[in-house]
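Quick notes on the structure that follows.
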Amino acid sequence: MFEAQVFTLYPEVFPGPLSKGLYGKALSNKLWGLKVINIRDAATDKHKTVDDSPYGGGTGMLLKADVLANSIDQNIKKGERIFYLSPKGKKFDQKLAQELSRDKSVSLICGHFEGVDERVLTTRNIEEISIGDYVLSGGETAALVVLDSILRLLPGVLGNEESSMDETFENGLLEYPQYTKPQIWEEKSVPEVLLSGDHNKIKDWRLSQSEAITRVRRPDLWQKYKKD
Ligand code: SAH
C-alpha cells in the first residue's frame, strides 16, 4: 500500500477531494493510505505555539524550527524522502509524480504564514517543491495537487491502466483533441478520421494534432521534444 503522510496545521483539509470517486474507493480498498499529522501536536508550551516572528524583521510569522522538527522526528522513519511545499522549491512535474508513485510512501509538509525556519529544511534533509510560479496562503492545496497527480499513477487506482499513459505530458506533448457522441453537434461534426476505424491513421492524426498544439501553446515543451 502507498502511504501518504501530510504534516499540516489544518488536518481537517484532508483527504478533502481525494476522498471522492475512484480515489475514495482506492482509499477504502487500501490501495493507498493517508496519515495526517497536526504539527501543533508537537508544540511544547501550554499555548501550543507554532510560529514566531522572523529574525531581521519583516512581516508575518514563521513556523518554528523546534516544533516542526519535533513533529517530523516523531513521525518520519530514517531514509524516507520529505518534501516541503514551497514557492521557492524545484518545480513539481509529471516526471517527479511518476518517480514518487514508484516509492512506498511520500511525506509532505504544508507551510503556513511566511514559511518555515530554514534550519529545519537543512537539518532534516527536506526537499522543496513548488507547484507553480504563484504564491498560495498555505501548502495544503499544493499537497492535494501533488497527491492527486501521484495517486492516479498507482496501479489499480484508475482501473484502466492505459488511461494514464496517453495523457498530456506523458510523452512530452500536450494531448490531442477528443470527441464523444453525438457525431454532429451544433452543426459541427467530429473529425472524419476518427470515424474511419483505421487505427494507424488515427494514431498519426492524434500525434500530428499533439505536435501542432504543443508547438503553439508550449514552445518550451516543443523545444525539448524536438531535441529528444
Ligand atoms: N514567504 C514565502 C511564501 C509563503 S506562502 C516565500 O516568499 O517564498 C505560505 C505557504 O504556502 C508556504 O509555506 C508553502 O507551504 C505554501 N505555498 C505557497 N505557494 C506555493 C507554491 N507555489 N507551491 C507550493 N507551496 C506553496
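The values are calculated or read from the model by the stated rules, or taken from the named source; none is laboratory data. Bear in mind that the values here come from a model prediction, so they are computed numbers and not experimental data. When we count neighbours, we look across all protein chains shown, and the Cβ atoms used for this are built from the backbone with ideal geometry, even at glycine. Just the protein is used for accessible areas: all its heavy atoms, side chains included, with ligands, DNA and RNA removed. Shrake-Rupley method; radii C 1.70, N 1.55, O 1.52, S 1.80 Å.
State all residues of region 1-21 that are among the hydrophobic types (A, V, I, L, M, F, W, C), in a helix (DSSP H, G or I) and in contact with a Leu (Cβ under 7 Å, 6 or more places away or on another chain); if no residue qualifies, say none. Before the answer, list the steps.
As a first pass, look at region 1-21 and keep what is among the hydrophobic types (A, V, I, L, M, F, W, C): 1-2, 4, 6-7, 9, 13-14, 18.
Of the ones still in play, those that are also in a helix (DSSP H, G or I) are 13, 18.
The one that is among the hydrophobic types (A, V, I, L, M, F, W, C), in a helix (DSSP H, G or I) and in contact with a Leu (Cβ under 7 Å, 6 or more places away or on another chain): L18.
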*asked:* Just the residues that are in contact with a Leu (Cβ under 9 Å, 6 or more places away or on another chain), more than 14 Å from L9 (Cα to Cα) and open to solvent by 70 Å² or more (accessible area, probe 1.4 Å), please, taken from region 22-54.
replied: L22, K25, D52, S53
_Residue in region 99-106 that is within 14 Å of the ligand (Cβ to nearest atom) and either in a strand (DSSP E or B) or buried (at least 17 other Cβ atoms within 10 Å of the Cβ) (or both) present_ = no
*asked:* Being part of a strand (DSSP E or B) and either open to solvent by 50 Å² or more (accessible area, probe 1.4 Å) or polar (S, T, N, Q) (or both) is the filter here; which residues of region 81-92 pass it?
replied: S86, P87, K88, K90, K91
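Rundown of residues vs (1) under 30 Å from W32 (Cα atoms); (2) assigned by TED's automatic domain parsing to the domain that holds M61, yes/no style:
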site	(1), (2)
I109	yes, yes
E114	no, yes
T123	yes, yes
E128	yes, yes
E140	yes, yes
E170	yes, no
Q183	no, no
E192	no, no
L195	no, no
*asked:* Could you check region 41-76 and list, in sequence order, the residues that are among the β-branched types (V, I, T) and assigned to a loop (DSSP other than H, G, I, E, B)?
replied: T44, T49, V50, T59, I76
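Tally the residues that are within 16 Å of the ligand (Cβ to nearest atom) and open to solvent by 50 Å² or more (accessible area, probe 1.4 Å), restricting the search to region 58-80.
Taking region 58-80 as the starting set, the residues that turn out to be within 16 Å of the ligand (Cβ to nearest atom) are 58-65, 67-69, 71-72.
With the extra rule that they be open to solvent by 50 Å² or more (accessible area, probe 1.4 Å), the set shrinks to 58-59, 61, 64.
Number of matching residues: 4.
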*Could you figure out which of (1) open to solvent by less than 80 Å² (accessible area, probe 1.4 Å); (2) under 15 Å from the mean Cα position of the chain (by Cα) isn't true of K95?*
(1)
*Of the residues in region 22-55, how many are over 25 Å from the mean Cα position of the chain (by Cα) and touching a residue at least 40 places away in the same chain (Cβ under 8 Å)?*
3
*asked:* Against the condition more than 22 Å from G16 (Cα to Cα) and β-branched (V, I, T), how does T123 come out, does it pass?
replied: yes
*Residue that is open to solvent by less than 100 Å² (accessible area, probe 1.4 Å) and free of Cβ contacts under 8 Å to residues at least 24 places away in the same chain, where the choices are P177, P182*: P182
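If I filter region 195-208 for residues that are over 29 Å from P87 (Cα atoms), surrounded by 17 or more Cβ atoms within 10 Å (Cβ to Cβ) and of a type in the set (K, R), do I get at least one hit?
Going residue by residue through region 195-208, those that are over 29 Å from P87 (Cα atoms) are 195-208.
Add one more test, that the residue is surrounded by 17 or more Cβ atoms within 10 Å (Cβ to Cβ), and what stays is 205-206.
Subset that is of a type in the set (K, R): 206.
Checked region 195-208: at least one residue is over 29 Å from P87 (Cα atoms), surrounded by 17 or more Cβ atoms within 10 Å (Cβ to Cβ) and of a type in the set (K, R).
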*If a residue has to be surrounded by fewer than 19 Cβ atoms within 10 Å (Cβ to Cβ) and more than 11 Å from the ligand (Cβ to nearest atom) to count, how many in region 119-163 make the cut?*
17
